[in-house]
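Working notes for the structure below.
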Number of protein chains: 2
Amino acid sequence: MNTNEKGKLLVISGPSGAGKSTVIGRLMEMRDDVCFSVSVTTRPPRPGEVEGKDYFFVTPQHFQELADGGYLLENAEYVGNRYGTPRGYVEQRRLEGKSVILDIEVQGAGQIQKNCPDAVSVFILPPSGAELERRLRHRNTDSDEKIRERLLQAKRECAEAGKYGYIVVNDDPEAAAGQLDAILTAEKCRAADRLNLVTEVLIS
Amino acid sequence: MNTNEKGKLLVISGPSGAGKSTVIGRLMEMRDDVCFSVSVTTRPPRPGEVEGKDYFFVTPQHFQELADGGYLLENAEYVGNRYGTPRGYVEQRRLEGKSVILDIEVQGAGQIQKNCPDAVSVFILPPSGAELERRLRHRNTDSDEKIRERLLQAKRECAEAGKYGYIVVNDDPEAAAGQLDAILTAEKCRAADRLNLVTEVLIS
């Protein structure tokens, strides 16, 4: 691995039941050149949470200034707190050669693609609607109605998969992580990012 | 590997001394879903060459008809004989789920990209000019002048690398084949090619 190569921004989305976390976790084990992004939030720290590791904790006013100044690649509100992806942090890690993973929902992914056109976007898809339902039933004890609602929401998210650069089907987490790994390796071979290597051959 | 997935057309170029054949050979060992294209040629068969395996042997008139009719993805003349890539053959193999490899020079690759916009193009680059020279000297006993000429020609070809989708640096053939493998795996995950899988999730 050439550490002079800039890392990628890898945006990963997928509905509840797609098995996204497992696949990302496996990818993190497979490669030492990837890391998670650290979000900025207005939420107060919980016991044990470390500034700059779990989150960057800021006041609502500071958050608004960051958003207004274009310092966030995306931002969203969730149960009364604001969350955002700090552009400078992501850029710094990428310059250090690390590819930065963002696990994010569809709307946030859209903001990222607008603000960072060289981001690599991947949608993790369940293998079928039936399997998606099985996984959603398996992992909680909600009522049938609640599960039908979650299933509908998950399918609504899947309908957005075509807006991503790549789709990885998570039938088997190991195979899916292997495909994510291949996507990252391939994206690092893009000619547009390697013209400096051509120059090296031509002048040496 | 989902055999319902259409294979890719993988166009590979690289100068003499880049180690292209070794890398491609290693890729063929790694995957069972790739095959070489079989060219059409006006050259007479040599002893042992098999029609449809080594080449499709045709008359100059037939070749011209194929070219005029748009049945060749690219064609070129080499020491008085014509060679071309048959569109139908490539398409048929791809529909069978095989990715088809074309080992081709820069001009031919340009024709392919025009005639087959979904082709995946990769340039195999030597790690440096010095290493390129070492490899060219190592493998033949030509005069210094002849080698300088070959080196210049190889560098002229490298200067075209930016026109390809990907650049793979062949420092180590095993690593380079691994990158080719990743590129093929990643390209098969392109969202545009997988919208049928999204539909499956939505309707099942």
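Each reported figure results from applying straightforward, stated rules to the coordinates on display, with no laboratory input. Keep in mind that what you see is a predicted model, and the values were worked out from it rather than measured. Every residue, glycine as well, gets a Cβ built from its backbone with ideal geometry; the counts of neighbours run over all protein chains shown.
Structure data summary
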{"quantity": "Those residues of segment B:188-204 which are in contact (Cβ under 8 Å) with a residue 12 or more places away in the chain and in a helix (DSSP H, G or I), in sequence order", "calculated": "B:Asp193"}
{"quantity": "Filter result for B:Leu152 (of a type outside the set (Val, Ile, Thr) and within 14 Å of another protein chain (Cβ to nearest Cβ))", "calculated": "yes"}
{"quantity": "Selected residue (criterion: farthest from B:Cys189 (Cα to Cα)) from residues of segment A:132-144 that are free of Cβ contacts under 8 Å to residues at least 12 places away in the same chain and not basic (Lys, Arg)", "calculated": "A:Ser143"}
{"quantity": "Meets criteria (touching a residue at least 12 places away in the same chain (Cβ under 8 Å) and either in a helix (DSSP H, G or I) or in contact with a helix residue (DSSP H, G or I) (Cβ under 7 Å, 6 or more places away or on another chain) (or both)) for A:Leu152", "calculated": "no"}
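One line per residue, one yes/no per condition, for (1) more than 7 Å from chain A (Cβ to nearest Cβ); (2) crowded, with 20+ Cβ neighbours inside 10 Å:
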| residue | (1), (2) |
| --- | --- |
| B:Arg156 | yes, no |
| B:Lys163 | yes, no |
| B:Glu174 | yes, no |
| B:Ala177 | yes, yes |
| B:Ala191 | no, yes |
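Results for (1) touching a Ser or Thr at 6+ places or on another chain (Cβ under 9 Å); (2) over 18 Å from B:Ala119 (Cβ atoms), shown as yes or no for each residue.
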| position | (1), (2) |
| --- | --- |
| B:Gln153 | yes, yes |
| B:Ala161 | yes, no |
| B:Tyr166 | yes, no |
| B:Asp172 | no, yes |
| B:Ala175 | no, yes |
| B:Ile183 | yes, no |
| B:Arg190 | no, no |
| B:Leu195 | no, yes |
